[in-house]
Amino acid sequence: MKDIIRQLVETTGPSGYENEVRAVVQKMLKGQVDSMKVDALGNLITRKGQKGQDGLTIMLSAHLDEIGIIATHIDERGFVRFTSVGGVHPRNAVGGRVRFLKTGQVGVIGMEPNQSATSVHGLDKMYIDMGASRRADVKVSVGDVAAFDRPFEDLGQRLVSKAMDDRIGVAILVETMKQLKATPHEVVGVFSTQEEVGIRGATTAAYGVDPDLGIALDVTLTGDTPQAATMEVALGNGPAIKVKDSGMISDPRVVAWMEAGAKRARLPYQLEVLSGGTTDARGIQMARAGVPVGCLSIPCRYVHTPSEMVDYGDVQNSVKLLLALLSKPVKLA
Ligand code: CO
Ligand code: ZN
């Protein structure tokens, strides 16, 4: 699976500009699913299987987009001012490199002088240095979007990229749709857009799909690094079954079904309570008259930094757990 992970994380797609990543997924799933279509917000909606007597329409959702930046002003010396697309924390931005989608040009993020060596300014006092001395030499216009630029690293058991959030969820969904064979369900794999700016793609996709059950696939934080906030989730202990985050409470029946499935398949899992952040599951849950939802989270260190780290075993076990869950009728009790 490392090949598809590498390909997905090395393709760029900040929120609203997911077209290249979407094309990669379309290529990966060509001939592997029953149907594929792209909706008005750019969500890629793939389907496999038919809803039998004991079956449900189950929507799985992983977001294509990653955080990025957008140019707001270019000064006479060619320095580009910018703001964030999604949750870019200033302390993770200084010294970073960004690549503009239109031209492929790279710039480095600098910061106005600061008295303190241990604190950073907001993004409004940062700029992108494109290596130019005059505005005329900078091929960036207001509104141009850039993604962070940092190569993928395979550390063996642990994998590092600036876009594990949520390309790792995308990779898991691609692999699950590919490997899915006999299922009593209509499984709808949604590769959603604009999650990082407020769950926008999954919200409209869920309205269109009108599922009986929804599961989001996304990264979550961990409590396993020095002085980390107390949290149960750790890298390598299996995929995390979300109980609650700050935007969504999983349907307890869905949590119980996911836990029972993991036990039956003898797969490791963890339970997750996340105090900040949310996922596509929120958008699905609130669609139409409401949908029972859960979320399968991939433990990830350093979320929203240029070096997001996941455990390869957790990734593989996520695919196995989803296939085990989707292969049998669902009884929510
Ligand atoms: Co995110
Ligand atoms: Zn995410």
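What the table shows:
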read-out: Output for the range 72-107, where each listed residue is assigned to a loop (DSSP other than H, G, I, E, B) and open to solvent by less than 10 Å² (accessible area, probe 1.4 Å); value: 78, 93, 96
read-out: Strands (runs of 3 or more DSSP E) (entirely within the range 1-71) containing at least 2 residues that are touching a strand residue (DSSP E or B) at 6+ places or on another chain (Cβ under 8 Å) and surrounded by fewer than 17 Cβ atoms within 10 Å (Cβ to Cβ); value: 35-38
read-out: Residue match in the range 172-186 (condition: within 22 Å of residue 70 (Cβ to Cβ), buried (at least 24 other Cβ atoms within 10 Å of the Cβ), within 16 Å of ligand 1 (Cβ to nearest atom) and among the β-branched types (Val, Ile, Thr)); value: no
read-out: Test set (1) open to solvent by 30 Å² or more (accessible area, probe 1.4 Å); (2) more than 22 Å from residue 304 (Cα to Cα) - residue 118 fails condition number; value: (2)
read-out: Residue match in the range 261-271 (condition: among the hydroxyl-bearing types (Ser, Thr, Tyr), touching a residue at least 60 places away in the same chain (Cβ under 8 Å) and in contact with a strand residue (DSSP E or B) (Cβ under 6 Å, 6 or more places away or on another chain)); value: no
read-out: Matching residues in the range 212-233 - criterion: being among the acidic types (Asp, Glu) and either modelled with pLDDT of 95 or more or outside any loop (DSSP other than H, G, I, E, B) (or both); value: 212, 218, 224
read-out: Residue in the range 191-202 that is more than 16 Å from ligand 2 (Cβ to nearest atom) and open to solvent by 40 Å² or more (accessible area, probe 1.4 Å) present; value: no
read-out: Of all residues in the range 207-218 being more than 16 Å from ligand 2 (Cβ to nearest atom) and not β-branched (Val, Ile, Thr), the one that is farthest from residue 272 (Cα to Cα); value: 208
read-out: Test: residue in the range 202-211 that is within 13 Å of ligand 1 (Cβ to nearest atom), within 20 Å of residue 289 (Cα to Cα), not in a helix (DSSP H, G or I) and not acidic (Asp, Glu); value: no
read-out: Of residues in the range 203-237 being charged (D, E, K, R) and over 21 Å from residue 318 (Cα atoms), the one surrounded by the fewest Cβ atoms within 10 Å (Cβ to Cβ); value: 210
read-out: Check on residue 247, open to solvent by 10 Å² or more (accessible area, probe 1.4 Å), touching a residue at least 12 places away in the same chain (Cβ under 8 Å), under 18 Å from residue 294 (Cβ atoms) and within 15 Å of ligand 1 (Cβ to nearest atom); value: yes
read-out: Residue among 330, 319, 303, 293 that alone is of a type outside the set (Ser, Thr, Tyr) and crowded, with 24+ Cβ neighbours inside 10 Å; value: 293
read-out: Residue list for the range 130-159, filter: open to solvent by 50 Å² or more (accessible area, probe 1.4 Å), more than 27 Å from the chain's Cα centre (by Cα) and within 17 Å of residue 68 (Cα to Cα); value: 141
read-out: Where a residue in the range 212-228 is farther than 18 Å from residue 165 by Cα and its partner, wherever it lies, is of a type in the set (Ser, Thr, Tyr) and within 14 Å of ligand 1 (Cβ to nearest atom), with Cβ under 9 Å and at least six apart; value: 214/61; 225/302
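Residue-wise test of (1) in contact with a helix residue (DSSP H, G or I) (Cβ under 6 Å, 6 or more places away or on another chain); (2) in the same structural domain as residue 200 (by TED's automatic domain parsing); (3) farther than 26 Å from residue 277 by Cβ.
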site: 47; (1), (2), (3): no, yes, yes
site: 52; (1), (2), (3): no, yes, yes
site: 59; (1), (2), (3): yes, yes, no
site: 73; (1), (2), (3): no, no, yes
site: 79; (1), (2), (3): no, no, yes
site: 86; (1), (2), (3): no, no, no
site: 90; (1), (2), (3): yes, no, no
site: 95; (1), (2), (3): no, no, no
site: 98; (1), (2), (3): no, no, no
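The values are calculated or read from the model by the stated rules, or taken from the named source; none is laboratory data. For clarity, every value in this text was computed on a predicted model and none was experimentally measured. We place every Cβ from the backbone using ideal geometry, glycine too, and count neighbours over all the protein chains shown. For the accessible areas, the whole protein counts, side chains as well, though only heavy atoms, and no ligand, DNA or RNA atoms are used. Shrake-Rupley method; radii C 1.70, N 1.55, O 1.52, S 1.80 Å.
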